[in-house]
Amino acid sequence: MQMVNFFGKKIDVRSFLSKLFLTATLISLGVFVFLPTFYLISFTFLGWDEVYREVFANPLIGDEHWQQIKGILIFSFRIALIAVLIDILIGIPLGYILARKNFRGKGVVEDLVTLPLVIPTSAFGFATLITWTTIAGIGGFLGLGRGLVELNYVVPIIKIPFLILIVHVTLTFPYVVRIFKSKLEELNPEFEIASRSLGASVFTTFRSIVFPQALPGLFSGVVLAFARSLGETGATIIVAGVNTTASIAIVKWELEFKIAPASFLGFLLILIASSMILPVEYFVSRERSISSLPNLTEILRIEKYLLKFEKTISRKLYWVKEVVSFIFIGICVILPILVVLNSVILYWSADPYTGKIEGGVIYQLFGPANYFKSLIRATAVSLIVAAVSTYISVCIGIATAITIEKYRFCRAIRSLLKVPLVVPTSTLGLSMILLWGPKGLGLINPGIWLIILTHIVFSVPVVVESALASYEGSDVEVYEEAARSLGATPYDVAETVTLPIIKRGIFTGAILSFTHSLGETGATFIVMGRDATVSTLVVNMVEALAIPAALFASTYLIALSLILLFVFRKISK
Amino acid sequence: MPDVKLVNISKRYGKGRIIAADKVNLEIKDGEYFTILGPSGCGKSTLLKIIAGIVKPDEGEVYVGGKLINDVPIEERHIAMVFQNILLFPHMNVEENIGYAPRVKGIERERRAKIVEEIVSMLKLTLRSTAFPDELSRGAQQKVSLARAIASETNLFLLDEPLSALDSRVRLELRYELRRLVKELGVTAIHVTHDQEEAMSISDRIAIMKHGKIIEVGSPVELYLGPQTIFTAHFLGKMNFMEGVVIESSGGGCVVEVSGGVRIRTKAKGRFARERVVLAIRPEFIKLSQTINENNKNVIEGRIIEKFYTGSYIYYKVKLENGIEVLTLTEAEKMYKDGDKIYASFPPEYVILFKYPEEGLEKELSLE
Ligand SMILES: Nc1ncnc2c1ncn2[C@@H]1O[C@H](COP(=O)(O)OP(=O)(O)OP(=O)(O)O)[C@@H](O)[C@H]1O
Ligand SMILES: [Mg+2]
């Protein structure tokens with residue numbers, strides 16, 4: 001196909017169009033995804049004088065901000081580290097059970113594992129809060145007449161507030177379970193039979209055959225879980241009590257106009273997140289990465305004892321993994337939801353303990369405070385944001401996925417796209433407002449449009465990743481070549497072969513980004529202006545101590561996410 | 001010591017619809033190279049998996065060395081398995097793969113290295129021990145997996161189509177290697193295959209399997225020359241079948257009339273007159289000549305209609321005067337042309353008789 005352009009030169013339309021496509025994709029990726037992600041870095045450098053003055057040499061408080069930042073960072077890292085360790089302890093057995101065992105109700109267990117990813121975190125945080133600290137929760141069931149634990153109860157030894165740990169573990173373990181499980185499913189179970197026939201017990205087989213091969217999956221899951229814990233805002237803000245994590249600090253400081261310390265903290269978080277994800281990406285993508293790891297148990301000469309121990313547990317304690325996994329899911333996922341449902345019924349017309357109707361759900365929703373109206377408005381905002389940002393993300397995501405598959409030099413984009421996934425969302429929100437808002441380019445004021453732009457940043461990577469996963473999962477390339485050999489143009493191929501095959505992956509990505517958008521709190525708080533979304537509204541209700549209203553809103557959000565989960569399941573089956 | 005005994009083993013899949021093992025009784029002697037041979041899907045692998053402990057039988061008992069092992073888990077059955085899809089651990093190199101069984105037994109690194117070295121020299125493996133499985137050819141991979149099985153120092157080998165995934169030259173080579181090793185190590189081997197030539201060339205004894213049932217057990221020669229069932233006769237090597245009726249039976253054999261009123265005399269005994277039978281003869285026992293030779297018995301005239309070279313031998317398809325087509329095998333020095341008139345002789349001592357199957361000959365010959 002040739003065409004003559006204005007200057008009389010012949011150009012190839014096809015190659016012109018594909019260049020245009022490539023350029024447009026790269027530009028939109030750059031503007032919508034990478035620019036906001038990395039803007040904070042350049043902002044910090046450009047405004048270094050001010051940052052330095054505010055953080056390290058404030059005339060009034062000296063380096064107080066720096067001391068705070070250090071403390072907060074260490075605190076957040078301790079939480080993320082412990083949460084991830086617990087995730088691993090639960091995620092490995094649970095992932096193994098889901099990948100290798102068949103039992104009735106397996107589908108339900110899988111849904112329960114996915115639920116924390118779908119549920120708006122603030123609603124979930126609130127559910128956890130009342131489950132553990134109020135008479136409506138476990139304490140009430142046990143007849144204690146009070147909550148089981150205090151809001152600020154700190155777990156001894158690890159010195160981490162109990163509630164923060166619980167919500168972080170619950171909100172992050174699905175990453176470890178899901179990724180580990182899908183890695184296990186790729187592994188031929190016959191390797192395990194081969195290993196056992198050579199005399200290895202079930203546990204030894206797991207340690208020496210299954211685990212090393214699934215390790216890259218575990219790594220990716222752990223990194224995502226770690227990052228998610230660092231960036232978690234919605235649930236944390238509700239259960240934090242007197243504590244401040246990094247992402248809460250950013251939200252707070254931004255709202256108090258302390259831009260310099262907030263952006264410096266965000267800058268550090270982005271650096272840390274990228275320096276964590278990129279080496280892991282590199283390690284995982286390298287060939288024989290696992291085989292190059294040293295065998296610790298042999299070096300320490302404990303292999304013999306370990307083998308004996310594994311033999312014993314393979315014989316006698318094989319049921320422990322099931323019991324532990326199911327108890328965990330029961331307490332951390334199912335129980336809070338049941339407590340919220342139960343409470344919303346109890347509090348429906350009046351406070352069950354004082355009998356006052358001001359303490360009932362109905363009064364708070366329709367009384368003077370009229371939370372119902374706010375809720376409806378917030379729902380509208382949330383749905384618009386989720387729909388528009390998902391739509392745009394899908395468009396950019398499809399183009400990006402195709403670009404990554406077509407052009408070798410675009411492979412690096414895939415790794416880079418992991419960075420927005422691990423940047424704490426409150427940091428992202430800060431970056432957005434500094435970039436587009438009145439203090440930056442001045443193009444967009446805080447409000448619904450800025451929320452949409454923000455949600456696009458973390459939605460695009462999700463869509464791209466699931467599209468690529470389904471592209472690589474089926475032999476698309478073979479079919480593409482077949483179509484080309486039958487005379488289809490590259491555009492015909494994309495339309496008639498590639499897209500239909502990766503459609504499911506795109507759907508999965510779209511649903512994930514839709515639910516993520518509905519539930520996002522950290523970034524939304526910063527960029528929403530007056531357009532509150534449902535998940536931020538729950539936080540506002542809790543802060544205004546409108547507990548019955550928060551109960552209702554949480555129930556409503558949980559119901560919404562259950563519906564989405566149902567859709568998600570229909571599509572991913 | 002590892003003699004294996006299966007008693008009344010049954011296994012069904014798919015809510016009982018698929019019968020993979022149907023009341024199987026089998027005894028395998030210590031030190032024997034035993035092969036289970038049968039068409040695809042007949043339940044060979046299932047039987048092997050039951051011995052290995054991978055699949056639990058619905059009924060029946062498995063004894064190894066006289067001990068009932070139904071409830072013993074795989075890892076404690078002391079078996080060594082070799083698989084069709086090889087299954088070398090991809091994240092371990094050759095040395096680590098071979099040393100895996102000693103390692104999980106808790107044997108220290110130094111002794112392990114010795115064991116590996118010994119096996120490598122025994123197998124004459126000329127591989128880099130630091131190579132990873134995906135850097136080796138399929139044949140080399142299967143050799144390593146054999147080495148890995150040997151390193152477990154057990155004396156019962158279970159081999160599930162170990163050669164099927166290899167190309168034909170390597171397959172032939174490894175076939176003899178397998179038998180040599182098993183005999184050298186003095187172990188018992190149970191080998192599953194659907195390749196009758198492979199089974200014939202390496203086994204001490206073969207069990208023929210069909211539809212989850214053991215049809216017949218015997219040494220390759222017994223099964224080849226004196227099959228007790230039409231299925232065995234058909235499945236092992238090539239065989240010509242003709243339907244017929246016994247018209248005369250005496251102590252020295254009987255006479256069978258096949259289609260077209262042609263009569264064939266056999267040495268088969270114990271048949272009674274007017275019995276419907278299936279007459280069978282292997283291609284290599286049919287003698288062809290262009291002239292009538294007084295010494296030949298059961299001579300029938302026919303014409304060459306097709307021929308196939310196999311190198312040193314030639315198969316001729318002959319259409320006999322009664323319309324029946326038979327396959328014959330002769331040395332390559334005797335050359336006939338298509339359409340040549342020929343006299344085919346069926347020596348009575350090689351003509352075998354079977355009772356006519358209830359469900360008809362066609363059905364009996366089908367491999368499903
Ligand atoms: N796990 C299973 N679930 C259901 N059916 C099975 C299972 N394993 C085997 N079967 C069925 O049982 C029958 C016997 O299978 P088996 O694998 O033992 O046959 P085989 O003789 O080894 O065949 P092949 O030569 O194809 O390996 C087959 O019809 C097979 O489809
Ligand atoms: Mg098989």
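Under the definition of partner shielding as Cβ atoms of other protein chains within 10 Å of a residue Cβ, what is the mean value for peptide A:185-196?
Values: counts 0, 0, 1, 3, 0, 7, 6, 2, 8, 14, 7, 10.
Across A:185-196, the average partner-chain Cβ count within 10 Å equals 5.
Can you figure out the FRET efficiency of A:Lys19 with A:Thr489, using R₀ = 22 Å and their beta-carbon distance, to the nearest 0.05?
E between A:Lys19 and A:Thr489, to the nearest 0.05, is 0.90.
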Considering only B:Phe235, A:Cys332, A:Ile558, whose Cα is most displaced toward the positive end of the charge dipole of the protein assembly as shown, charges sitting on Cβ of Lys, Arg (+1) and Asp, Glu (-1)? A:Cys332
Computed label-point distance, nm, for sites B:Ile292 and A:Leu35 using a 7 Å Cα→Cβ extension: 10.5
Tell me the relative contact order for chain B as a rounded percent, counting alpha carbon contacts under 8 Å between residues six or more apart. 15
Nearest 10 degrees, 0 to 90: what angle lies between the long axis of helix B:109-122 and the longest principal axis of chain B (Cα atoms)? 20
Percent antiparallel among DSSP beta bridges (both partners in the stretch B:4-233, rounded to 5): 55
For the protein assembly as shown, percent of DSSP beta bridges that are antiparallel (nearest 5) comes out at 80
When you look at the Cβ of every residue in B:100-113, what mean number of other chain Cβ atoms sits within 10 Å? 4
For the residue pair A:Ala412 and A:Ala469, what label-to-label distance in nm results when each label sits 7 Å from Cα along the Cα-to-beta-carbon direction? 2.6
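Sorted by average packing, counted as other Cβ atoms within 10 angstrom per residue and highest first, what order do A:482-489, A:275-282 take?
Working: A:482-489: 12.0, A:275-282: 15.6.
So the order, starting with the most tightly packed, is A:275-282, A:482-489.
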Expected 222 nm ellipticity per residue - DSSP helices of 4 or more, -39500 (n - 2.57), all of chain B, to 500: -6500 deg cm²/dmol
Stretched out fully, how many nm does the piece from A:Ala559 to A:Phe309 gain, at 0.36 nm a residue minus the Cα gap? 85.5 nm
Candidates B:Ser219, B:Ser201, B:Ser121, ranked by Gaussian network fluctuation over chain B, Cα under 10 Å, top entry: B:Ser121
Over all residues in A:301-312, what is the mean tally of Cβ atoms on other chains that come within 10 Å of each residue's Cβ? 2
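Given an 8 Å cut-off on Cα distances and at least 6 residues of separation, report the relative contact order of the stretch B:53-159 as a percent. Don't skip to the answer; put the middle values down first.
Values: 113 pairs, mean separation 42.2, N = 107.
Reported as a whole number, the value is 39 percent.
Please give the FRET efficiency for A:Leu278 paired with B:Val7, using the beta carbon to beta carbon distance and R0 = 51 Å, rounded to the nearest 0.05.
The computed FRET efficiency comes out at 0.25.
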Note down the nm distance, to one decimal, between modelled labels 7 Å out along Cα→Cβ at B:Glu110 and at B:Ile305. 7.6
So if R0 is 35 Å, what FRET efficiency would A:Asn370 and A:Leu341 give, r being the distance between their Cβ atoms, rounded to the nearest 0.05? 0.90
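Since every read-out is calculated from the coordinates, none of them should be taken as a lab result. Since we're looking at a predicted model, the values are computed, not measured. Cβ atoms come from the backbone with ideal geometry, glycine included; neighbour counts cover every protein chain shown.
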